[in-house]
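Read the structure below first, then the notes.
The values are calculated or read from the model by the stated rules, or taken from the named source; none is laboratory data. What you are looking at is a predicted structure, and each value in this text was computed from that prediction instead of being measured. Note that we place each Cβ from the backbone using ideal geometry, even for glycine, and neighbour counts take in every protein chain shown. Keep in mind that these areas ignore ligands, DNA and RNA; they rest on the heavy atoms of the full protein, side chains included. Shrake-Rupley method; radii C 1.70, N 1.55, O 1.52, S 1.80 Å.
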Amino acid sequence: MRSAVLVDVVRSASGKGKTGGALSDIHPIDLLAEVLRSLVARNDIDPVLIDDVIGGCVGQAAEQAGNITRTAALAAGLPESTPATTVTRACGSSQQAVHFAAQGVLAGSYDVVIACGVESMSRVPMGTAPMGRDLVGAGLAQRYPEGWISQGVAAELVAQKYGLTRDDVDRYAQESHRRAAAAAAAGHYDREIVPVPVPGGAHVTDETIRAATTLESLGKLRASFHSADSDRRFPGLGWMITPGNSSPLTDAAAATLIMSEEKAAQLGLTPRARFVDFTVAGDDPLYMLTAPIPATRTLLDRTGRTLDDIDVYEVNEAFASVPLAWAREFDADPARLNPAGGAISLGHAIGASGVRLLATMVGELERTSGRYGLQTMCEHGGMANALLIERL
């Protein structure tokens, strides 16, 4: 039986996803190309061997339109014969790219494949792709006559459902920044971050980490999604989701080299982890952000593991209420949950976050000699990916 292994995984450092951010002057094609180029070069692999490049990108419009994975692969100098495709599963797009890549290896369709992702939220802002057009249509409007809601309001509903308080979500956000700042200071991200040339030098430090974050400063922030209409539809919500306990708009790219275990041995490469299993799940699109819970449950049931078997769990911090709800559902150990920080501190470049989580998780397993890592990501529309890896 074939085994799919992760040979290496890299990422850019995060940039603030707005004009003036560290990566805002970099075209997203060039940003992803730089990460792809670094991944190939540092593993000294002949790019002719790469069977496919699968990339995630959410805002496939403007500078990110036109199959950005293919254009970035060409910009990186990969052979014209190397195909590439761009996929989307909302915030889980690059994690889905990882699923497809590893599953292709397991199926025998690939020997060597790159999964990657990119998002330049400074240059292609959220909401660009619809171009002001209707994204609902008649059938969806009939099924959900009251209408879908924003992810921020969904985060409020999740907080209410799980009995979270403003203090809970702010403390979680503060801890995310504390952990990320400590990890950065200790050099824990050094192996995963590759330099990206920018005017005046190279960008190598996550710009979204705020080491000085305090509960007092977080407490002064106003709720982002409170409105009279939402009050009427959802009376009694706590309105606790603020910019401080949400993930920031971010620019970043990430990539991972995946191959069969046999091919890795043939090439003299040492795998860092093995893919154990994958799953995807759908859940109530109103709550939208709770699908990591059934995705995790399915993955554990299918692999015969319990959460006690897992050494690190990465649950994307789109909003603080998401990992907190997940942790309450599974009575999870807080010390194993996003131990090196998460999207609140490291940023959430939505098309690249799945591979970023994977990079951080693999690094944490190696530092702590852990064996299993579980990663799950909430997604717009009430979906989630989940995967399980084993450190080698």
- Using a cut-off of under 19 Å, list every residue of segment 223-253 whose amide N is near the label point 7 Å from the Cα of Tyr162 along the Cα-to-beta-carbon line. 224-225, 237-248
- Message: How high is the relative contact order of segment 322-392? Use alpha-carbon pairs under 8 Å, at least six apart in sequence, and give a whole percent.
- Response: 21
- Item | Helical contribution to [θ] at 222 nm, DSSP H n ≥ 4, -39,500 (n - 2.57), averaged over the chain, rounded to 500 | -10500 deg cm²/dmol
- Message: Using the Cα centre of the chain as the reference point, and only Cβ charges (+1 on K/R, -1 on D/E), how large is the resulting charge dipole? Debye, rounded to the nearest 20.
- Response: 420
- FRET efficiency for Thr298 and Arg367 from the Cβ-Cβ distance with R0 = 22 Å, rounded to 0.05, comes out at 0.15
- Query: Hey, what angle do you get for helix 28-42 against the long axis of the chain, alpha-carbon based, 0 to 90 degrees rounded to 10?
  - Reply: 50
- Item | Charge dipole of segment 121-271 about the Cα centre (unit charges at C-beta), most positive-ward option of Phe225, Tyr162, Ala185 | Phe225
- Query: Taking a label point 7 Å from the Cα of Ser109 along the Cα→Cβ vector, which residues of segment 44-76 have an amide N closer than 13 Å to it?
  - Reply: 51-55
- Item | Label-to-label distance, nm, for residues given as Glu329 and Leu215 (7 Å Cα→Cβ offset) | 2.8
- What full-extension length gain, to one decimal in nm, is calculated for Leu286 and Leu392 as 0.36 nm per residue of separation minus the Cα-Cα distance? 34.2 nm
- Over the chain, volume per residue of the alpha carbon convex hull, in Å³: 140
- Per residue, what accessible area does the chain have, given a 1.4 Å probe and all protein chains present, in Å²? 39
- Note on the structure: Checking Met126, Met288, Met240 against a Gaussian network model of the chain (alpha-carbon springs below 10 Å), the top fluctuating residue turns out to be Met126
- Summing Lys, Arg as +1 and Asp, Glu as -1, what charge do residues with Cβ under 11 Å from the Cβ of Ser3 carry, Ser3 excluded? 0
- Take Val136, project a point 7 Å from its Cα along the Cβ direction, then tell me which residues of segment 359-392 have their backbone nitrogen under 17 Å from it. 381-382
- Rounded to the nearest 10 degrees, the helix 321-330 long axis (Cα) sits at an angle to the longest Cα principal axis of the chain of 80
- Message: Taking the Cα centroid of segment 1-21 and of segment 266-282, what is the distance between the two, rounded to the nearest whole Å?
- Response: 15
- Note on the structure: For segment 181-321 (alpha-carbon point model, no solvent) the Debye-based log₁₀ I(q)/I(0) at q = 0.13 Å⁻¹ works out to -0.99
- Grab the Cα-Cα distance for Ala186 and Arg171, subtract it from 0.36 nm times how many residues apart they are, and report the gain in nm with one decimal. 3.2 nm
